[in-house]
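Accompanying notes for the structure given below.
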Amino acid sequence: MKIVFAGPSLYGADYDAGDVVVRGPAQMGDVERAMADGATAIGLIDGHYQQVGAVWHKEILLALSAGVAVYGAASMGALRAAECEAFGMVPVGSIARRYCSGALFDDADVALTNGPAELGFPPLTEAMVDVAATLAHLAALGLVTPSEAQTVSAAARKTFFADRTVAAVFDRLDHPRAPALRGLYDTHRVSQKTQDALELLDLMKSLQPGAAAAPADWRFANSPFWTGRVTPRSSSVTSL
């Protein structure tokens, strides 16, 4: 069984999951539960935090130590892939690779808020990585100057992630071309998170049944914190 945890990063995307089971954003305990359900490969894209415990590194290490292949991309998955790459977790996509290289280092760059499961986890705010991807695209098309891109980026970065809608960013933009820049942003918007999420999904679909991780050259340690863990399930609206 192949299981992917995703929500806002795949919202609105046209994709065929094939033989991959797509579940909602992960939280603490979900990777371990996926193992119990028989997963031989796990893809982590989106994950909840703040209101609930985030996916724990320890459960990822448990999966890897048991030979389960674990991939990460786009959001929470990119963060955990960078943190657990040395133990065998595989980073997928531009965002994960940039966290692994140190080009990205702030968790907030992938943070956003999202709507409920009943609506498909729609993103309600804009992640900085998508702001950066869109501005880079506009610059490559020659539609914005480097100075204009920097001005928009600075306005976005000054906006708290839970408030960072596209409208909020451009409302605070003190620039004579603000309305035109907003129109260009809306028309040519790029979601790097979605692109990376689709790349991970395609990779998971290509895996042969029973594909396993490379044998670990380290030993999983059952610490007191691990053996005493509590892994509740509840709803959340904040995702990475």
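Suppose every Lys and Arg Cβ carries +1 and every Asp and Glu Cβ carries -1, with no other charges. What dipole size does region 128-187 come out with about its Cα centre, to the nearest 20 debye? In debye, rounded to 20, region 128-187 gives about 100.
Exposure proxy for Ile42, Ile95: other Cβ atoms within 10 Å of each Cβ, ordered fewest to most, give Ile42, Ile95. Under the simplified labelling scheme, the Arg177-Ala108 pair shows an inter-label distance of 2.7 nm, with each label point 7 Å from Cα along Cα→Cβ.
Per residue, the convex hull around the alpha carbon atoms of the chain comes to 126 Å³. Spin-label model, Lys158/Asp186: points 7 Å from Cα along the beta carbon direction are separated by 2.3 nm. Cross-link partners for Lys58 among the lysines, with Cα-Cα distance under 29 Å and sequence neighbours closer than 8 places in the same chain left out: Lys2, Lys193, Lys205. Taking amide H as placed 1.01 Å from N in the peptide plane, the amide H of Leu112 sits under 5 Å from that of Ser239, each at least 5 places away or on another chain. The loop-placed chymotrypsin sites (Phe, Trp or Tyr not before Pro) in region 46-131, going by DSSP, that have at most 15 neighbouring Cβ atoms within 10 Å of their Cβ come out as Phe105. Quick note on region 128-187: its Rg to Rh ratio, both from C-alpha atoms and Rh being the Kirkwood radius, is 0.91.
May I ask for the distance between the Cα centers of region 171-211 and region 7-44, given as a whole number of Å? Each part reduced to its Cα centre gives a spacing of 20 Å. Straightening the chain between Glu85 and Asp37 buys 14.9 nm, computed as 0.36 nm per residue apart minus the Cα-Cα spacing.
Mean residue ellipticity at 222 nm, helices only, the chain: -11000 deg cm²/dmol; runs of at least 4 DSSP H residues each add -39,500 (n - 2.57), and the sum is divided by the number of residues. 3J(HN,Hα) along region 166-177, derived from phi through the Karplus expression 6.51 cos²θ - 1.76 cosθ + 1.60 where θ = phi - 60°, amounts to 4, 4, 5, 4, 7, 5, 8, 7, 8, 8, x, 9 Hz, with x in place of Gly and Pro.
All of the numbers you see were taken from the coordinates with simple rules; none came from a lab. Every value quoted in this text rests on a predicted model; they were computed, and no experiment measured them. All Cβ positions, glycine included, derive from the backbone under ideal geometry; neighbour counts span all protein chains shown.
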